[in-house]
Amino acid sequence: MRTLHTIQELRAAISGFRNQGKRIGLVPTMGNLHEGHIALVEKAREAADIVVTSIFVNPMQFGAGEDLDAYPRTLKEDQSKLQAAGNDLLFAPTALEVYPNGPGRQTQVLVPVVSEGHCGASRPGHFEGVATVVTMLFNMVQPDVAVFGEKDFQQLAVIRKMSRDLFVPIEIIGAPTIREADGLAKSSRNGYLSAAERSLAPAVYRSLTHIGAALASGSDDFKALEDTARAELADTGFRPDYVNIVNSETLKPAAPGDRQLTILAAAFLGTTRLIDNLTVNR
Ligand code: PAF
């Protein structure tokens with residue numbers, strides 16, 4: 001596996017594969033890879049001949065006071081994991097390579113409606129940062145397919161809409177969330193948790209499954225279910241950010257006739273913000 005740091009090297013390598021008629025798959029990440037990321041690489045391998053994984057901790061998607069500086073950077077370990085997973089190219093650019101004029105002077109991609117609410121409300125500018133860097137990575141790599149985790153449900157919805165609206169000729173594939181044995185969704189941010197916090201962390205998924213069971217058995221009392229879940233999380237020691245039951249397509253508040261609902265949740269445990277979601281068909 002080759003690791004490339006510049007767009008020029010990346011383009012040269014990709015055009016070699018393209019000339020051989022290879023189908024290219026892209027897995028954008030911020031590194032600190034865990035089994036969830038490796039599952040994305042495996043999904044990309046099923047859909048393409050050549051898998052390109054990018055590792056870039058994107059400053060544009062972090063707000064003031066967020067964990068940009070603390071975000072774990074583990075390139076050596078990530079390289080070994082990608083090599084073992086059969087990844088072909090690792091693209092790990094510097095911030096200067098991606099934003100030569102600085103993130104503040106960057107043309108931005110704004111995806112209306114699906115970016116609003118939920119994480120979009122709690123993290124102003126976050127999805128503009130994500131949509132912008134993903135558009136740039138799409139243009140740098142020009143893959144046939146790109147794979148994103150369903151754990152970041154709103155992010156996936158933003159990227160799907162951005163791709164549709166801008167006629168991006170790339171197939172977007174969502175990959176299911178990988179969980180620890182106790183239900184906690186795998187995330188690089190789990191590494192921030194103390195041992196005591198880690199033992200409480202599965203409560204997020206537990207609350208989602210409680211709501212999921214009620215929805216599946218026909219409950220339409222969305223507000224009561226959301227309030228109960230928030231109270232459960234607060235009792236466990238979380239500071240809930242939101243628990244929202246939404247229409248899975250629009251991410252707007254659920255209506256009684258909706259066939260597919262997603263419960264979106266975000267909550268702080270100490271200073272760590274955990275997110276998760278669960279989709280229910282009715
Ligand atoms: O999900 C992530 O790791 C990031 O938001 C992404 C898609 C790589 C963009 O920086």
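Bear in mind that the values in this text are calculations on the coordinates, not laboratory data. Small disclaimer: the values here were computed from a predicted structure and weren't measured. Virtual Cβ from ideal backbone geometry, glycine too; neighbours counted across all protein chains shown.
A few points about this structure:
- Figure legend. Inter-residue proximity from the range 146-166: first residues within 11 Å of the ligand (Cβ to nearest atom), second residues assigned to a helix (DSSP H, G or I) and charged (D, E, K, R), beta-carbon distance below 8 Å, spacing 6+ or different chains. Indicated pairs: Val147/Lys43.
- Residue match in the range 178-186 (condition: over 23 Å from Phe138 (Cβ atoms), within 13 Å of the ligand (Cβ to nearest atom) and touching a residue at least 60 places away in the same chain (Cβ under 8 Å)): yes
- Candidate set: the range 153-175, residues that are over 16 Å from the mean Cα position of the chain (by Cα) and more than 17 Å from Thr29 (Cβ to Cβ); chosen: the one surrounded by the fewest Cβ atoms within 10 Å (Cβ to Cβ): Phe167
- The combined condition, being among the aliphatic types (A, V, I, L, M), outside any loop (DSSP other than H, G, I, E, B) and within 19 Å of the chain's Cα centre (by Cα), is not fulfilled by Val280.
- Residues that are crowded, with 17+ Cβ neighbours inside 10 Å and touching an Asp or Glu at 6+ places or on another chain (Cβ under 8 Å) are absent from the range 96-106.
- The set of residues in the range 65-103 that are out of contact with any helix residue (DSSP H, G or I) (no Cβ under 9 Å at 6 or more places or on another chain) and among the acidic types (Asp, Glu) comprises Asp69, Glu77.
- Checking Thr3 against (1) closer than 22 Å to Leu156 by Cβ; (2) away from the ligand (no atom under 13 Å from the Cβ); (3) more than 19 Å from the chain's Cα centre (by Cα), the condition it does not meet: (1)
- Condition met for Gly174 (within 14 Å of the ligand (Cβ to nearest atom) and in contact with a Phe, Trp or Tyr (Cβ under 7 Å, 6 or more places away or on another chain)): yes
- Residue match in the range 184-203 (condition: part of a loop (DSSP other than H, G, I, E, B), surrounded by 14 or more Cβ atoms within 10 Å (Cβ to Cβ) and of a type in the set (Asp, Glu)): no
- Gly25 vs. criteria within 16 Å of the ligand (Cβ to nearest atom), under 21 Å from His126 (Cβ atoms) and touching a residue at least 40 places away in the same chain (Cβ under 8 Å): no
Listed here are the residues, each with its yes/no results for (1) more than 13 Å from the ligand (Cβ to nearest atom); (2) of a type in the set (Lys, Arg); (3) farther than 20 Å from Val98 by Cα.
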| site | (1), (2), (3) |
| --- | --- |
| Gly31 | no, no, no |
| Glu46 | yes, no, yes |
| Gly65 | yes, no, yes |
| Thr74 | yes, no, no |
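- Criterion violated by Arg206 - all others in (1) among the basic types (Lys, Arg); (2) over 12 Å from the mean Cα position of the chain (by Cα); (3) within 12 Å of the ligand (Cβ to nearest atom) satisfied: (3)
- Residue match in the range 202-210 (condition: farther than 19 Å from Thr177 by Cα and basic (Lys, Arg)): no
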